[in-house]
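Heads up, the thing below is written out as structure tokens.
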Amino acid sequence: MPHAADPAIAKLERPTPSGVNAPGFGSDVVAEALRALDIPYIALTPGASYRGLHDSIVNYLGNATPQMLLCVHEEAAVAIAHGYAKVTGRAMAAAVHSNVGLLHATMAMFNAWCDRMPVIVLGATGPVDAMKRRPWIDWVHTASDQGALIRGYTKWDDQPSSPGAAREALIRGAWIANTAPQGPVYINLDAEMQEAKLSETLLPIDAARYAPPVAAGAPAAQVEQAAAMLRAAKRVVILAGRASRSVEAWNARVALAEALGASVVTDLKIGASFPTNHPLHAGGPRHITPDSIPAMRDADVVLSLDWVDLAGALQHAGPSPAAKIIAVSLDHRVHNGWSMDYQALPPVDLFLSADPDLVVAELLKALGPRNKPRVAATAHAAPQPEPAGFTNEHIARTLRRVVGERAVSLTHLPLSWEDHWWTFRHPLDYLGSDGGGGVGGGPGISVGAALALKNSGRLPVAICGDGDFLMGVTAVWTAVHYRIPLLFVIANNRSFYNDELHQERMARMRARPLENKWIGQRMADPDIDLAAMGRAQGAIGFGPIEKPADLAPALEQAIAAVDAGGVAVVDVRVEPGYSPGLTAAMTRAKS
Ligand SMILES: Cc1ncc(C[n+]2csc(CCOP(=O)(O)OP(=O)(O)O)c2C)c(N)n1
Ligand SMILES: [Mg+2]
């Protein structure tokens with residue numbers, strides 16, 4: 001059954017019917033497999049290495065299920081699929097051209113890997129059989145073991161050499177990508193295999209039977225052991241890490257925290273996992289904050305629900321934490337020898353190799369109804385006075401005022417965001433970061449997320465640094481072209497400012513002039529007109545907004561434009577500068 005794609009998008013780029021209704025070529029079989037997997041979209045930047053598949057999607061499938069989303073850069077194509085998965089929890093596809101397209105796509109694949117988000121990346125190679133290669137171009141665009149480029153940050157890759165094998169690879173790849181811990185997979189399709197006429201008819205295959213759902217719960221005895229430790233504990237801290245966007249699972253986490261009277265720490269690196277206005281929320285964003293440190297130090301049991309950096313968090317509990325540590329994660333299943341994104345090795349007293357959402361539900365059953373908070377909630381920071389100058393905090397405050405009670409999904413936040421600037425009340429209120437710290441992911445991820453959020457009633461808002469926006473700016477065109485409403489607010493400090501901080505740190509360590517820190521960092525003279533970069537691609541541009549008083553009216557108009565189905569880019573000329581706490585955390589300075 002074709003996936004219920006967005007009807008307005010489905011009307012775009014309709015091909016003249018080709019009258020073909022039976023697969024005739026290798027790539028027709030590949031296209032059929034994509035449809036059997038119910039993949040709604042394939043974000044792509046074209047290339048001759050997969051002209052066979054391109055033809056099959058347009059002329060054999062009629063450009064539906066999957067429908068093509070044309071991207072100006074492969075990094076955007078993969079980032080869009082990454083953002084889509086952040087909302088839906090499921091992989092869509094991306095297609096990239098031979099070795100060169102894959103090279104462009106790599107950073108986005110790394111981001112998706114570190115974010116544990118599923119993406120099915122289809123690639124292609126010039127004919128593996130050298131006798132079939134055209135002079136020059138087919139040779140430069142053929143590499144042996146293309147998968148070696150991405151093997152360190154994908155769950156699996158394959159280069160099938162027949163249509164039947166390609167069909168199997170797609171089904172296997174979708175299964176692996178979508179099975180927790182999720183991640184990108186790469187399937188490299190030989191141009192010759194795609195283009196060759198089918199020599200035999202393949203028997204139909206029921207894709208669902210070959211991609212069985214994998215439920216990874218914990219054994220009952222382990223759940224009981226964890227429940228006993230939690231029951232006996234006086235002060236529990238829950239590190240609410242990577243989680244699904246399920247409201248049911250969110251409510252179960254809240255119920256568990258309430259049953260235990262546990263302090264809950266969350267992390268801006270990943271999507272919202274706990275209501276940040278709940279009395280038990282102890283703060284703690286990308287780094288454990290001063291707010292959450294006492295909770296960590298005083299805990300007698302720490303329950304980590306797939307926290308991204310458990311060893312790092314436990315450092316705040318002292319060198320050898322007295323608390324008993326219960327860790328629930330499947331992440332070890334994808335740790336490999338190339339990427340160190342698995343972080344330092346944490347001490348763990350009870351490890352449950354299981355899906356945290358399933359374990360939380362089981363723990364709740366085991367603990368029974370208990371509702372008395374046993375720990376006084378950590379005091380939340382008192383409201384701060386209006387900040388001076390023109391900073392990212394003005395963006396947060398003004399946007400909050402302008403959107404009021406409306407449901408907003410923050411699809412991306414700049415590096416310098418502080419966790420108390422925005423309240424998360426629903427799993428879709430915030431979708432997390434780029435995963436791998438690969439700057440330039442924000443725009444594409446946001447377009448993919450906005451695609452998945454279209455018609456949800458939520459307002460998708462991407463708040464990006466200027467560096468991040470500029471590196472991924474062409475994703476804007478894809479959003480405009482495919483009628484994907486989205487608000488971009490650019491925290492434009494005209495700098496790769498994060499790195500100014502590092503130069504400042506170097507200067508301090510080496511007693512060199514601090515005032516040189518901006519050299520090789522500032523994108524000024526000329527200032528780049530980001531609203532114009534939006535306009536150039538069909539978005540509605542606002543700004544430059546130079547002072548706080550002009551921001552609210554611009555945001556109001558921009559939101560009206562998004563509500564009318566458009567893409568808006570608001571260029572906000574904030575001052576360079578981060579808060580002292582963030583500066584210290586980012587530069588590894590002690591003060
Ligand atoms: C692909 C990539 N290149 C370079 C970096 C190093 N880097 C980290 S943050 C940053 C600055 C990002 O600039 P911007 O988005 O404007 O945010 P700002 O630091 O100004 O707040 C850079 C260059 C990176 N993480 N990723
Ligand atoms: Mg910047």
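The values are calculated or read from the model by the stated rules, or taken from the named source; none is laboratory data. Note that this is a predicted model, so its numbers are computed, not measured. In this analysis, Cβ positions are derived from the backbone assuming ideal geometry, glycine residues included, and neighbour counts consider all displayed protein chains.
How many residues are at positive phi and over 30 Å from the mean Cα position of the chain (by Cα) if we restrict to region 493-521?
Number of matching residues: 1.
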>> I need every pair where a residue in region 223-252 that is of a type in the set (S, T, N, Q) has its Cβ under 6 Å from the Cβ of a residue that is outside any strand (DSSP E or B) and surrounded by 15 or more Cβ atoms within 10 Å (Cβ to Cβ), sequence separation at least 6 or different chains.
In response: Ser244/Gly89; Ser244/Asp357
> Arg134 versus (1) outside any helix (DSSP H, G or I); (2) of a type in the set (Lys, Arg); (3) at pLDDT 95 or above: which is the lone unmet condition?
Replying inline: (3)
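Here's the yes/no breakdown for (1) more than 16 Å from ligand 1 (Cβ to nearest atom); (2) free of Cβ contacts under 8 Å to residues at least 24 places away in the same chain; (3) within 21 Å of Gly440 (Cβ to Cβ):
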residue	(1), (2), (3)
Leu102	yes, no, yes
Met117	yes, no, yes
Val121	yes, no, yes
Arg133	yes, yes, no
Trp136	yes, yes, no
Trp139	yes, yes, no
Ser144	yes, yes, no
Tyr153	no, no, yes
>> Residues that are surrounded by fewer than 20 Cβ atoms within 10 Å (Cβ to Cβ) and farther than 30 Å from Ala218 by Cβ: does region 182-195 have at least one?
In response: yes
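Output the residue which, of all residues in region 384-411 that are among the aliphatic types (A, V, I, L, M) and over 23 Å from the mean Cα position of the chain (by Cα), is surrounded by the fewest Cβ atoms within 10 Å (Cβ to Cβ).
First, pick out the residues of region 384-411 that are among the aliphatic types (A, V, I, L, M): 388, 395-396, 399, 402-403, 407-408, 410.
Checking which are over 23 Å from the mean Cα position of the chain (by Cα) leaves us with 388, 402-403.
Details: Ala388: 9, Val402: 16, Val403: 16.
It comes out as Ala388.
Can you name every residue in region 519-543 that is in contact with a Ser or Thr (Cβ under 9 Å, 6 or more places away or on another chain) and surrounded by fewer than 18 Cβ atoms within 10 Å (Cβ to Cβ)? Give the steps one after another, and end with the answer.
In the first step, residues of region 519-543 are kept if they are in contact with a Ser or Thr (Cβ under 9 Å, 6 or more places away or on another chain); the result is 521-524, 537.
Those that are in contact with a Ser or Thr (Cβ under 9 Å, 6 or more places away or on another chain) and surrounded by fewer than 18 Cβ atoms within 10 Å (Cβ to Cβ): Arg522, Met523, Ala524.
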> Do you know which residues across region 430-466 are under 20 Å from Arg535 (Cβ atoms), within 16 Å of ligand 1 (Cβ to nearest atom) and part of a helix (DSSP H, G or I)?
Replying inline: Gly442, Pro443, Gly444, Ser446, Asp466
> Residues in region 458-476: is at least one over 17 Å from the mean Cα position of the chain (by Cα), under 30 Å from Ala5 (Cβ atoms) and without any contact (Cβ under 8 Å) to a residue 60 or more places away in the chain?
Replying inline: yes
> Are any of the residues in region 23-34 part of a helix (DSSP H, G or I) and of a type in the set (Phe, Trp, Tyr)?
Replying inline: no
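Mind checking whether some residue in region 258-268 is of a type in the set (Ser, Thr, Tyr) and either more than 22 Å from Val308 (Cα to Cα) or buried (at least 20 other Cβ atoms within 10 Å of the Cβ) (or both)? Step through it out loud before you land on a result.
Pass one, region 258-268, residues of a type in the set (Ser, Thr, Tyr): 263, 266.
After this cut, where a residue has to be either more than 22 Å from Val308 (Cα to Cα) or buried (at least 20 other Cβ atoms within 10 Å of the Cβ) (or both) as well, the list is 263, 266.
Yes, region 258-268 contains a residue that is of a type in the set (Ser, Thr, Tyr) and either more than 22 Å from Val308 (Cα to Cα) or buried (at least 20 other Cβ atoms within 10 Å of the Cβ) (or both).
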> Arg116 fails exactly one of the following numbered conditions: (1) on the phi > 0 side of the Ramachandran plot; (2) assigned to a helix (DSSP H, G or I); (3) not aromatic (Phe, Trp, Tyr). What is the number of that condition?
Replying inline: (2)
> Between residues in region 385-414 that are on the phi > 0 side of the Ramachandran plot and at pLDDT below 95 and residues that are β-branched (Val, Ile, Thr) and within 16 Å of ligand 2 (Cβ to nearest atom), which pairs lie under 9 Å by C-beta distance while being six or more apart or on different chains?
Replying inline: Gly389/Val574
